[in-house]
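**Student:** The structure under discussion is supplied below as structure tokens; questions concerning it will follow.
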Amino acid sequence: MKAGQQEARHTPESRQDAPGQDGQDKIVYGRNGVPIHIRGGSRTTGGGYRTYEVHQRMRVGESTAKVKPNAMLTREYLEDPYPTLAILRENYPCYRDWIGNSYWISRYDDVTSIFTDDANFETRPKLWFYGREDFGRDFGQALPVLFAHAQRTDAHAQPVAEAILSELAGLGRADLAVTFAARYAMEMLARVLDLPAADFDFFVERYWKMQQGYGWSPKAEQAGLDAMSELARYFEPLMEQRRANPGDDLISAVAGLETETGPTTAEDLVTTLLERDHETLHGALANMWYLLLTHPEQLELLREDERLVKYAYQETVRHSTPVLEAKRFARQEVERFGRLLPEGALLICSAGAANRDPRVFQDPDRFEVNRKDLCRREPRGQYRADGLPTGITFGLGQPTKHPAVPEDRPRSLYAITRDTVVTASKCVLEILPGLRLADGAKPGLRALRVGDMHTCWQLPATWEA
Amino acid sequence: MTTSIDFTRNFARAIDLDSHLEEDPGALREFPLMPYGEACDMGHAADGTPLIDPRLFDSPEFFRNPYPYYRIMRDHYPVYHDKLHNCYYVTRYDDITDCYFDDEGFNTIPKGSSSGVLGNTQLELSGIEHRRRRNLYGQHLVGQSLQARIPAIERLAREMIESWDEKAREGVDYIHDHDGVRTVEIGKAFANEFPISVVCDILGFPKEARDRFFYWYNSMMSGLGGSATQKQGLEARQDLEDYLEDIVEQRRKEPTYLYGDNGEIVSKDIISKLCESKIDGDYLSTEEITSNIALIVGGGGETTRGAILNMLFLLLTHPEQFAAVKADPSLWDTAFHETLRHSTPIGGQPRHNTYDVELHDVTIPAGSLVNMVDFSANHDERIFEEPEKFDIFRKDLYSGKLLRSGYRKEGKCSHMAFGVGPHLCPGAWISHQEATIGARILCDHMKNPRINVERMPKDIDGVSLRPMGLVSVGTLWIDFDLEDSRA
């Protein structure tokens, strides 16, 4: 038998009328008169032609008997994905998931290589998953928007944390997961947008429905689309007001943008909010306090040295990242990891697996705030700095491409989120003395549904009131 | 600022936190088993459109009772984007035929579930590469070559049925005689092995190898689609190919022949012919031959077995139509085609689109997996009146010779069980002959056959027979009167 893999060879464009050559859309009609609209400039390189030698098939040795085909859809996986991910990482670095029609990438170097390779792989926006790419435009990378986000976040991180925590302090006990972490993330977002306090509940509900709707569930999708239109209707008058009287908030920043097609719309603002990461602030804060409360000896270290709070955050997103995976699609047929990945292939880059790769981190399942083999700087353009790897947090997107942060740009989202979590956590240490897990509590991490964020939803804690 | 109590309550309600935490996502995958022909409620959009929850496609309910769900998809989601399984479903007859004919726009480059086990085959080629090889394999399964094999097919069927007496005496678990009635499980006694025997005969394999073929074939089939038995399937295919490799090497040196009933040479067998076939001036490689033989073995068994069992099941549950077929054997052809329309053994084919296309307002990005659901096309009420009804006399089904170039003739449409267009099943003709000859000889042999309801698997009500759903009839217990059967 010959080797399964051989190099791809493509025959040149052969159909005279092949669509997309001139970049024009065109409509072809099938034998039954069904119109098939072919988008210009989108022809795949693989096409319908391929020489016979180009093939791949699974060999006996490649079979994946150690993982059940639906292992990633089970309740066990939603609660603790790490044993399954370890099997994938050690046995099937590029696991072909037939049921999910995807490939699972699980080693640190492989995941980072896919995630930094924009020539061959793409991340699709959440609107694509909604099937509504025409809904609005994402201005999350526009400089005024970035600045507004950075400035308002920095200004409010501490006051908001103090306000929530002093309300809790007198109670002596509370569930930190929702009452603190989830609430803090939402309050911060409301401050960044400078929303009227009366609209907070309305906004939180719509925002969460919107963020939960782009997964696989049609019910959630329906709720999400409804929430998006409601938000757009709600933002419309607010944007008009702020266009007239701009503030330093994110709504004013989006409203003030000039585009080729005129002023920005409320749909653009909703899209900008949708595409923004919301899970890392909430998830990392909840996971960090879950880990600290279940590892009291590590919490003691933090109490002794506050500088360790930042490292605790970095170790948290390595050990228990809230965003377990990111989806990347192959732009063209490409060979990776001994496989021919076809064009359009879905690669599930598992941060959860990569962050516990023993090739990169020593004793990776151990939560250790003072970890020596984790990079403590913000990585730039890559996932390693000073010869050390960072934990992968996909929610924050890729590391910034700039070798140094220029003066005319705000800090990266990575740094802003990290600083916010650190600020809030320092407030927790200060305002809730003697904080510990409530007696008898057995908290755990859990993704609510397949593909959702993996975080702590119930974290009962007590302190000296 | 809201209070912590307010926030916690509102937030939990907004994201439905409590029910998420309580609910077992594994249990959610179980959809309620509905009365046959009715869809369970998966929620509705604001405008009342029923929703399709993609977990449905893994559920036992869907395997048992798929047609009402396909109907929802045809009516409301002609192109359904399944984001859980990362694929699209095309469900209307007209759309599917269009896509099948557009061999270049919707290609078959391997990404689908069959490629893992069946290997590198004709299934996975498109365009010119496909056309120039197709005839090499296909020509041995049609026309003259096939006509010459019909006596052999009939002989094989008779041999198998005649062995029942001996097996009943020896005692096997699928034949029981009592009070002048013989109860036979047609699957084990006939339909499972008959198609494999025919394939082995045509390929010119020794009789001794048939048991091994049967095992390989079963393992390969059960390993399709990344199931838990995939490893066994891969091993079986490797064994099969190792075995074939030796045979191919031998036949390169020394061709073997097929013989007629009187010992006359009919022709060279397929492998020997393939050994001397050339593409672009080169002989076919051994791997290419073994892969495609593996495909013939895989494609020629399960499908024909399902067709025979489904046809007998449907005819015996529609006695007036069975009587008509018995009275007029020429109706076996229409019965065969109506069976494949009503309950086809193969549910559909995967395709991968070469361009970004927009179909029924859904944009499918280039390179996506697009499932063409033949099941649904065959039950498209836009084409077939009362599609859920089994009726061999239906006026809207074309039952003549299937051609690659067409599916709509004399104002009728063909069923989609063999696909259409360039990838039309090359085994369609031989499968047709196997099923009709096999079923006819069986029914000539069995006097007054009827389904043994007691032994058959039941539906959820515990009374009616289990519907076929997405899988073909697995076991078929038939009673027939022994006395007159050999008269």
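Every number here is computed from the coordinates shown, using simple stated rules; none is lab data. Because the structure is predicted, anything quoted here is derived from the model rather than measured. Glycine gets a Cβ as well: all are built from the backbone with ideal geometry, and neighbour counts include every protein chain shown.
**Student:** I want to check the label-to-label distance for A:E90 and B:D328. Put each point 7 Å from Cα in the C-beta direction and report it in nm to one decimal.
**Tutor:** Simple spin-label model gives 6.8 nm for this pair.
**Student:** Here's another thing I want to ask about it. Set the Förster radius R0 to 41 Å, insert the Cβ-Cβ distance between B:E388 and B:E154 as r into 1/(1 + (r/R0)^6), and round the FRET efficiency to 0.05.
**Tutor:** The formula returns an efficiency of 0.75 here.
**Student:** Hey, rough spin-label estimate for B:R450 and A:D118, points 7 angstrom out along Cα→Cβ, what's it come to in nanometres?
**Tutor:** 7.5
**Student:** Across peptide A:127-136, what mean number of C-beta atoms from other chains lies inside 10 Å of a residue's C-beta?
**Tutor:** That works out to 1 on average.
**Student:** Suppose the Debye formula is applied to equal point scatterers at every Cα of the protein assembly as shown; what is log10 I(q)/I(0) at q = 0.07, 0.09 Å⁻¹?
**Tutor:** Taking Cα atoms of the protein assembly as shown as identical point scatterers yields -0.67, -1.01.
**Student:** Looking only at other chains, what is the average number of their beta-carbon atoms within 10 angstrom of each beta-carbon in B:357-366?
**Tutor:** Neighbouring Cβ atoms belonging to other protein chains average 6 per residue here.
**Student:** So which lysines pass the test for B:K395, namely a Cα distance under 19 Å, with those fewer than 8 places away in the same chain ruled out?
**Tutor:** Within the straight-line cut-off, B:K395 pairs with B:K409, B:K412.
**Student:** Further, regarding this structure: Note down the net charge around A:A174, summing +1 for each Lys or Arg and -1 for each Asp or Glu among other residues with Cβ under 15 Å from its Cβ.
**Tutor:** My count for the surroundings of A:A174 gives -1.
**Student:** Per-residue mean of other chain beta-carbon atoms within 10 angstrom of the beta-carbon, peptide A:91-103?
**Tutor:** Counting Cβ atoms of other protein chains within 10 Å of each residue's Cβ and averaging gives 4.
**Student:** Sticking with this one: Setting aside same-chain residues fewer than 8 positions from B:K273, which lysines have a Cα under 30 Å from its Cα?
**Tutor:** Those lysines meeting the cut-off are A:K2, B:K207, B:K253, B:K401.
**Student:** Normalising by the residue count of segment B:31-481, find the relative contact order in percent from Cα pairs under 8 Å and 6+ residues apart.
**Tutor:** 22
**Student:** Same structure, new question: Give me D for segment A:143-462 in µm² s⁻¹, whole number, from Stokes-Einstein with Rh from the Kirkwood sum over alpha-carbon pairs, 20 °C and 1.002 mPa s.
**Tutor:** 102
**Student:** Please give the contour-minus-distance gain from B:H76 to B:C40: 0.36 nm per residue of separation, less the Cα-Cα distance, rounded to one decimal in nm.
**Tutor:** So the chain would gain 11.4 nm between B:H76 and B:C40.
**Student:** Do the sum for the protein assembly as shown: with -39,500 (n - 2.57) for every DSSP H run of n ≥ 4, divided by all residues, what is the mean residue ellipticity at 222 nm, to the nearest 500 deg cm²/dmol?
**Tutor:** Result for the protein assembly as shown, helices only: -13000 deg cm²/dmol.
**Student:** Moving to a separate point now. Give the lysines reachable from A:K310 as a straight Cα distance under 23 Å; neighbours fewer than 8 places away on the same chain don't count.
**Tutor:** Filter leaves A:K372, A:K401, A:K426.
**Student:** Still on this structure, I have one more. Using only Cα atoms and rounding to the nearest 10 degrees, what angle (0 to 90) does helix B:143-170 make with the longest principal axis of chain B?
**Tutor:** With rounding to tens, the tilt is 90 degrees.
**Student:** Let me check against my output: what whole-number percent is the relative contact order of segment A:143-462, with C-alpha pairs under 8 Å and at least 6 apart?
**Tutor:** 23
**Student:** Still on this structure, I have one more. Just to be sure I understand the model, the point goes 7 Å from the Cα along the line to the Cβ. What's the resulting B:D246 to A:A465 distance in nm?
**Tutor:** 8.2
**Student:** Let me ask another. If the label point is 7 Å along Cα→Cβ of A:R409, which residues in segment A:93-125 have backbone nitrogen under 19 Å from it?
**Tutor:** A:115-119, A:123
**Student:** Tell me the angle of helix B:4-14 to the major Cα principal axis of chain B, expressed in degrees between 0 and 90 and rounded to the nearest ten.
**Tutor:** So the inclination is approximately 40 degrees.
**Student:** Just to check, using Stokes-Einstein with a Kirkwood Rh over alpha carbon pairs, what's the diffusion coefficient of chain B at 20 °C and 1.002 mPa s in µm²/s?
**Tutor:** D, rounded to a whole number, is 88 µm²/s.
**Student:** Loop-only chymotrypsin sites (Phe, Trp or Tyr not before Pro) in segment B:377-432, please: DSSP not H, G, I, E or B, and at most 14 other Cβ atoms within 10 Å.
**Tutor:** Sparse-neighbourhood loop chymotrypsin sites (Phe, Trp or Tyr not before Pro): B:F393.
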